[in-house]
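The structure under discussion appears below in the form of C-alpha cells.
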Amino acid sequence: ADVAYLRSVLPSTTDDAFFDYLATLDASEVTVTAIPEGSVVFPRVPFLQVKGPLLVVQLLETTLLCLVNYASLVATNAARFRLLAGPDMKLMEMGLRRAQGPDGALSASKYSYIGGFDCTSNILAGKLYGIPVRGTIAHSFVMSFRCLEEVQPRELLPLAGGDPVDLADLAVSWLQRVCDLLQTPPSKANQGELAAFVSYAVTFPCDFQGLLDTYCVRRSGLPNFCAVALALHQLGYQAIGVRLDSGDLAQQSKEIREVFRACGAHFQVPWFGTIPIAVSNDISEQSLEQFRREGSEINMIGIGTNLVTCPLQPSLGCVYKLVEVNGSPCLKLTEDEEKMTIPGMKAIYRLYDAAGHPFMDLMALEEEPSPSAGQELGIRVLGRLEETTKVIPTTVEPLHRTYFRDGQVCEPLPSLPEVRTHAQVSLNLLNPAHRRLHEPQPYPVAVTERLHRLFLELR
C-alpha cells in the first residue's frame, strides 16, 4: 500500500524498477550505536550513529529526529527545573492541557519524568509507562457546591471503628473554633467551599486535600480546610495537603504554614504543622528562583505550560548528517563553521578528572586505539582547532554502545525508572561550573589529532 501511494504522488516517468527496489528494503542490514538514554550529551557530540544501505538510513532520518528532538528537549527542560528546585522538592508534571496534542502530552509526561519530575497528573501516562500519578481537586469541584445540605453522604466511620459521625456537623463546630483562633468571622467562610471539602473528605478520608484559593485563602479556604482536617483528625484520619493556584505563592505558603503550626499547637495536633503545601500557576524557572530567593514553605510544585511547551527554547537542533559512504569519509562544508560536519565514523569517549567529574568529550576515528587513563593525549578542542592541547584523564569512558544489529536489539533496554536514575546520576557527575544554569563554564568537546588531520585534508 505504501509503494502504491508513492506511485500516485511521484512523477509518472519514475522507473518501475525504483518501486520494485523499495519493496526489497530490509532494516536488518542497519546497525545503530548510541549513547545510553538518560545520558548528558553536549553540542557537536554524535549521540547516535547509524550504518547501513544508504537509502535505508536516509529514510530513517526524519523518524529518528522526530523521536529524539522533543524527547531530549523536554527531558533537558525538566532537568533544569529539578536543578533549580533542589533534590527535596516534589515536582509534578501537569502540562496535559497545554501540550501539542495527546501524543505531545504523553511524550512530555514520560520525558519530564526522566528529567527528574516525581509524578504526573496525566493518568494515561501512568497507565502506559508506570509513572506515579498525583493530582488535586479542581476549582470547578469547589464551585459546584452551594451549601452543606448538598453533601450526600455526610457520615463517616471513625478509623478505629464505632458509630458513624456526621462530618458536616463536626466540621461546622471546628470552623467556629478555628475562626476564633484566627480572629476571622465564620460568616466570611464560603459555605459551598466547606461543603465541597466535607464531601471530598467523606469520600477520601485518608487522602483529603484542599484547594484554598477558589474564593479567599485567608478568610475562607484556609479556615474551611483546617476545620475539615481537624474534624477528620478527631475521627482518626490525617489530611495530606493543600494547593495554592494564585497570588504570591511564596508569601502565602509562609502565612499558611504559620496557621498550620498555630492550629497544631493550640489544638494539640502535632502533625498539623507539617501538612504539605503544593503550588501551581504558570510556574517558570524564574518562579523557582524567586521561591529560593525569598524563602517559602512549599513542598510540592506543579508545572505545566513552561515545562511541556519549552518556551525558553521551543525546539532542539539535533541533525542527522552523512559522515562516510562506501568507506570514504564525507565532509559538509558551509560558510558557518559551526555547521560543518566532522567526518568519518567515530568513537566517543568521556574523560574524567581526579575528582570524578567529566571535563571533556573526545571524538576519535573508529579505527583509532582507545585512549587510556593516565595517558597524555594531544587533542584539538572545537572552537580552538588551531592549537594542540595536552590532557591526562584519570578515567576514560567509551560512550557508544551497539543497540541494534542484524535485525535484533542487542543491548538490554533499561526501564523508565532506570533511565530516570541514570539521568540524575549523569547530571550529578558534572562539575558545578558546567551544571549551573546561569553563565555555565563551556564544556569542551575535542577531536584527536588524527581526526583533525582528516578534517583538514577533506576541507
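Among the residues making up region 1-60, those that are closer than 30 Å to GLY383 by Cα and of a type in the set (Phe, Trp, Tyr) are PHE42, PHE47. Taking every residue in region 150-179 that is farther than 15 Å from THR203 by Cβ and pairing it with any residue that is β-branched (Val, Ile, Thr) and in a strand (DSSP E or B), at least 6 positions away or on another chain, the pairs with Cβ-Cβ distances below 8 Å are PRO158/VAL165.
Could you check region 187-201 and list, in sequence order, the residues that are surrounded by 20 or more Cβ atoms within 10 Å (Cβ to Cβ) and outside any loop (DSSP other than H, G, I, E, B)? Selection gives GLU193, LEU194, ALA195, ALA196, PHE197, VAL198, SER199, TYR200, ALA201. Considered as a group, the residues in region 235-275 that are under 13 Å from PHE225 (Cα atoms) and open to solvent by 40 Å² or more (accessible area, probe 1.4 Å) include one that is nearest to the chain's Cα centre (by Cα), and that residue is ILE240. Report yes if some residue within region 329-348 is of a type in the set (Ser, Thr, Tyr), touching a residue at least 40 places away in the same chain (Cβ under 8 Å) and surrounded by 12 or more Cβ atoms within 10 Å (Cβ to Cβ); otherwise report no. No, the conditions are met nowhere in region 329-348. Restricting region 156-181 to residues that are surrounded by fewer than 19 Cβ atoms within 10 Å (Cβ to Cβ) and in contact with a Pro (Cβ under 7 Å, 6 or more places away or on another chain), the residue that is farthest from HIS233 (Cα to Cα) is GLN176.
Considered as a group, the residues in region 27-38 that are in a loop (DSSP other than H, G, I, E, B) and open to solvent by less than 30 Å² (accessible area, probe 1.4 Å) include one that is nearest to PRO440 (Cα to Cα), and that residue is GLY38. Filtered by the rule that a residue be in contact with a helix residue (DSSP H, G or I) (Cβ under 9 Å, 6 or more places away or on another chain) and either more than 25 Å from GLU366 (Cβ to Cβ) or polar (S, T, N, Q) (or both), region 26-70 gives SER39, TYR70.
In region 238-259 there is no residue that is touching a Cys at 6+ places or on another chain (Cβ under 6 Å) and farther than 28 Å from LEU437 by Cα. Considering (1) in contact with a Lys or Arg (Cβ under 8 Å, 6 or more places away or on another chain); (2) surrounded by 15 or more Cβ atoms within 10 Å (Cβ to Cβ); (3) under 24 Å from VAL57 (Cα atoms), the lone condition that ASP361 does not fulfil carries the number (3).
Of all the residues in region 424-459, those that are exposed (fewer than 14 other Cβ atoms within 10 Å of the Cβ) and not in a helix (DSSP H, G or I) number 8.
Residues in region 78-105 that are assigned to a helix (DSSP H, G or I), open to solvent by less than 40 Å² (accessible area, probe 1.4 Å) and closer than 19 Å to VAL279 by Cβ: ALA78, PHE81, ARG82, LEU84, ALA85. Taking the criterion of being under 18 Å from PRO276 (Cα atoms), in contact (Cβ under 8 Å) with a residue 40 or more places away in the chain and part of a helix (DSSP H, G or I), the residues of region 202-229 that qualify are LEU222, PRO223, ASN224, CYS226, ALA227, VAL228, ALA229. Set side by side, the residues ILE123, ILE114 differ, and just one is in contact (Cβ under 8 Å) with a residue 40 or more places away in the chain, more than 27 Å from GLN191 (Cβ to Cβ) and outside the structural domain of LEU427 (by the TED database), which is ILE114.
The values are calculated or read from the model by the stated rules, or taken from the named source; none is laboratory data. Bear in mind the structure is a predicted one, so any value in this text is a computation, not a measurement. Counting neighbours? That spans all protein chains shown, and the Cβs are built from the backbone with ideal geometry, glycine included. Side chains included, ligands, DNA and RNA excluded: accessible areas come from the protein's heavy atoms. Shrake-Rupley method; radii C 1.70, N 1.55, O 1.52, S 1.80 Å.
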